[in-house]
Amino acid sequence: MKKLRIPRSPKVILGLCIVVFFLLLTIFGPLLAPFSPDDTSFAPLLTPSAHHWFGTTSLGQDIFSQTLVGARATIVVALVAGLVATMLSMVVGISAGYLGGYTDDGLSLMSNVFLAIPGLPLLIVIDSYLPVNSRSNSLVIGLIIALTGWAWGARVIRAQTMSLRNRDFVEASRIIGEKRHRVMFFEVAPNLLPILASSLLFTLLYSIGAYVTLAYIGLTSTSVWNWGTMLFWAQNNNAPLSGEWYWFVPPGVCIALVGTGLALLNFGIDEFINPRLRAAGLSSKQRRKLGLPRRQRLGLTPVVRSNVTTPAPIATTKPVTT
Amino acid sequence: MRLIGRRLALYSVTAWVAISVNFILPHLMPGDPIQTLIGKIQGQVTPQEIEAIRLSFGGGLDKPLLTQYFTYLSQLLHGNLGVSITLSQPVTTILKQSVPWTLGLIGISTILSFIIGTVCGALLGWTRGSRLDSLIPTATFFQAIPYFFLATVMLLVFGSDLHLFPVLGAYSQNLHPGWTWAFAASAVRYAELPVVSIVLSSIAGWMLGMRNMMITVVAEDFVLMAVAMGLPKRKVIMAAARNAVLPSIANLSLAIGLVVSGALLVELVFNYPGVGDLLLNAVQNEDYPLIQGIFLVITLAVLAANLLADLVYLGLDPRTRTETAT
């Protein structure tokens, strides 16, 4: 069996580290927090110090603890939304692409409609009608976010399924009489794995953004600590204008870091699917090691067949240089 | 022209879905929000206004659902979006004041971000493998930041610390809105920071997409041919970029929705008197007629922008035209 080639570019490793770090934070964050996030017994608006790493809020709550505790709610909702949305887009995408005909027309229309409606306003409308006790429920919020975020993935998966539909191995399993859903989900789906993964990463990215945004405008329960609620309180107390940067910078940077980690991982998947991007992402040092021209302007970007760390013969059409 | 027809059909269906969602949602939710709402505002607004709100949700609850639906649709056609509870003005009147601000802000920043991002992406794709590639993780970082957070940081640094830009609002409070030079200059000045923050947040997507497409296009024979013919570098890049930009434009209609969603929150950070700011206030006051009106206006505007992007694409890519001919 061929060994799975994991792209070793520094970008991807960095992304992996970031994502693993925040996953650990999701599990252990609330245990590590030195204080309760609701504890108002400290002096208000302390600047960061050894005792309060990120300072305190205007109510005297420890911002470092809030950030640690907030990781769980934020990432759990994103995971629920991301997984549900990806499942949804997988089922819709594969069914539309494989079955074709009226099923395809109907499902494609549905996903195009969901793509065209701007997601955030729709989310806000749905969420503003929710009863208050459902707003604190991570599952409900996650499902609503999934509902507005599955369409893009479905479209990409459908396109790829259509190109797989008539391949020989699919044809073969159809001829030997496999059931339709078996062909769809055991023959076609495994070959969509890179696309599914990339679509999962994108939905996770979207879900974090959507959840934090909802919390930021006060549409989730303010009693659940997440990075969005932290920003909500900071904004409500005019922290940006009064220069209390330590209040809103930690949650914002955490959101951005998780997002960057996911996006960097996605680069890895892109390079996995399109080998030409792999060579394009090499540093000049690595290029020299592999014997590639230092500056490459024209012609095919060579496909790097082996890992960068072990220089090996590379199969490449001779690159043309100017 | 079949393509245009198909897109038009899609957007009409989408508009219909959005309109129907607006109708169905209040009826689906437990606890009947409309009745609660009307109970809450009894006495605060005039009976006529309550009647207008009731009609904009489809009339009384005693009638069958289908009748309510048609009442709702006909009210919509007559431009009755209900009455805002907190501002006690018709929703359409309120929207007329705030839509131009949003349209200007988001329109200009989307166009700027698309142009700058695409040009940078084309150059990045051309010089792939050079030191400029280190821009990519930076760009990704900016892309991952929520729009409103970047806006908050910029407000803090450039607005309230360095005092480089005016903050909060869309024009100087000493001026009266009108078609004067002083007012226009002030409006531009106040829009600078919001525009810059929206452009910074949205530019990375265009850049990365264009770069990846450029890498594919540069491998094509016609680019090699262009160099072999001795065309100046600038012209070669232009020729390659012209072909690489097509997917970006095809994606434009998808991206507009995302950009608008993000930009709405930027308004909120800067207290910009547009639709986003209005939406937030409506949400905090549970002003359902206003929320629904804003949702409809945003959706319809995004759909119109999508249609425009599709038309541009049709004009630029001859392949789509020949396809329709067959």
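Taking 0.36 nm per residue of sequence separation and subtracting the Cα-Cα distance, how much length would be gained by fully extending the chain between A:S163 and A:L59, in nm to one decimal? Could the numbers behind the result be given before it?
Numbers: separation 104, 0.36 × 104 = 37.44 nm, distance 5.79 nm.
Roughly 31.6 nm would be gained on extension.
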Report the residues of segment B:93-114 in range of a label on B:W179: point 7 Å along Cα→C-beta, backbone N strictly under 17 Å from it.
-> B:100-101
Provide the descending list of Cα extents for segment B:95-299 along its principal axes, expressed in whole angstroms.
-> 63, 37, 33
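Is the shape of segment B:211-283 rounded, prolate or oblate, going by the alpha carbon gyration tensor and its root eigenvalues a ≥ b ≥ c, with a/c under 1.5 for rounded and a/b larger than b/c for prolate?
Prolate.
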First compute the accessible area of segment B:95-299 with a 1.4 Å probe, then give the percent of it belonging to carbon and sulfur atoms.
-> 69 percent
A plus B alone minus the pair: what accessible area, both sides summed, probe 1.4 Å, in Å² to 100?
-> 5200 Å²
Name the shape class, rounded, prolate or oblate, that the alpha-carbon gyration tensor gives for segment B:71-141, where a ≥ b ≥ c are the square roots of its eigenvalues, rounded holds for a/c under 1.5, and otherwise prolate holds if a/b is larger than b/c and oblate otherwise.
-> prolate
Cα-based reach from B:K235 at 17 Å (exclusive), listing aspartates and glutamates while leaving out same-chain residues under 8 positions away = B:E220, B:D221
Taking a cut-off of 17 Å between Cα atoms, list the aspartates and glutamates near A:K11, but don't count ones fewer than 8 places away on the same chain.
-> A:D270, A:E271, B:D133
Taking r as the C-beta separation of B:N271 and A:N137 and R0 as 41 Å, the FRET efficiency to the nearest 0.05 is 0.80
Can you give the translational diffusion coefficient of segment B:182-221 in µm²/s, computed by Stokes-Einstein from the Kirkwood radius over Cα pairs at 25 °C and 0.890 mPa s?
-> 195 µm²/s
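The values are calculated or read from the model by the stated rules, or taken from the named source; none is laboratory data. This structure is a prediction, so every number in the text was calculated from the model and none was measured. Quick reminder, even Gly has a Cβ in these numbers, built from the backbone with ideal geometry, and neighbours come from all protein chains shown. SASA here: full protein model, heavy atoms, side chains in, ligands and nucleic acids out. Shrake-Rupley method; radii C 1.70, N 1.55, O 1.52, S 1.80 Å.
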